[in-house]
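One structure below.
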Amino acid sequence: MEARAVLKYARISPRKVQIVLDLIRNKPADLALAILKHTPKAACEDLEKLLKSAMANAENNHNMDVTKLYVAECSVAPGPILKRIRPRAQGRAFRILKRTSHITLVLKEKE
């Protein structure tokens, strides 16, 4: 039995999210929540909300025990890229790529 939560089109680069996901992978859900709360990274805010959502899904939809949950799988995939233009000297234009992410979090119950 597993509970999952998905965040699509998050306006943060997948590389930045991956760093934080590596910190919480295979950790108990309550410990992962504490790690996210005290890590000074931009991705932590979205991931904390996503983890709480996955925990609520586990409790309400699958009747799982919240105290036994752990982060079984977590992954990030690149979403669509917003392409923007930055004016530069002598009429040139530099492209700015604003990357997005699709984040998936799967919680399972420890036996």
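Observations, loosely collected:
- Globularity ratio of the stretch 1-95, using Cα Rg and 2.2 N^0.38 Å: 1.39
- Computed E for LEU23/GLN90 - FRET, C-beta separation, R0 41 angstrom, nearest 0.05: 0.40
- Within the chain, the longest segment free of exposed loop sites, counting trypsin sites (Lys or Arg not before Pro) that fall outside DSSP classes H, G, I, E and B and have at most 12 other Cβ atoms within 10 Å, spans 12-87.
- Around GLU45: net Lys/Arg minus Asp/Glu count, Cβ-Cβ under 15 Å: +4
- Under 10 Å, Cβ to Cβ, from GLY79 - net charge with Lys/Arg +1 and Asp/Glu -1: +3
- Cα gyration tensor, the stretch 52-111 - rounded (a/c under 1.5), prolate or oblate: prolate
- A straight Cα-to-Cα reach below 18 Å connects LYS16 with the aspartates and glutamates GLU45, ASP46, GLU48, GLU73, residues fewer than 8 places away in its own chain not being considered.
- Shown for the chain: the carbon plus sulfur share of the solvent-accessible area, taken with all protein chains present and a 1.4 angstrom probe, equals 50%.
- Between the residues ILE96, ALA34, ASN60, the greatest Cα displacement towards the positive end of the dipole of the chain, with unit charges on the Cβ of Lys, Arg, Asp and Glu, is found for ILE96.
- CD proxy at 222 nm, helix term only [per DSSP H run n ≥ 4: -39500 (n - 2.57); per residue of the chain; nearest 500]: -11000 deg cm²/dmol
- Total formal charge among the other residues, if their Cβ is under 10 angstrom from that of GLU2, Lys/Arg +1 and Asp/Glu -1: 0
- Protein heavy-atom accessible surface, 1.4 Å probe, per residue over the chain: 65 Å².
The values are calculated or read from the model by the stated rules, or taken from the named source; none is laboratory data. In this text, all values refer to a predicted model and were calculated from it rather than measured experimentally. Note that each Cβ is placed from the backbone with ideal geometry, even for glycine, and that neighbours are counted across all protein chains shown. These area figures cover heavy atoms from the full protein model, side chains too; ligands, DNA and RNA do not enter into them. Shrake-Rupley method; radii C 1.70, N 1.55, O 1.52, S 1.80 Å.
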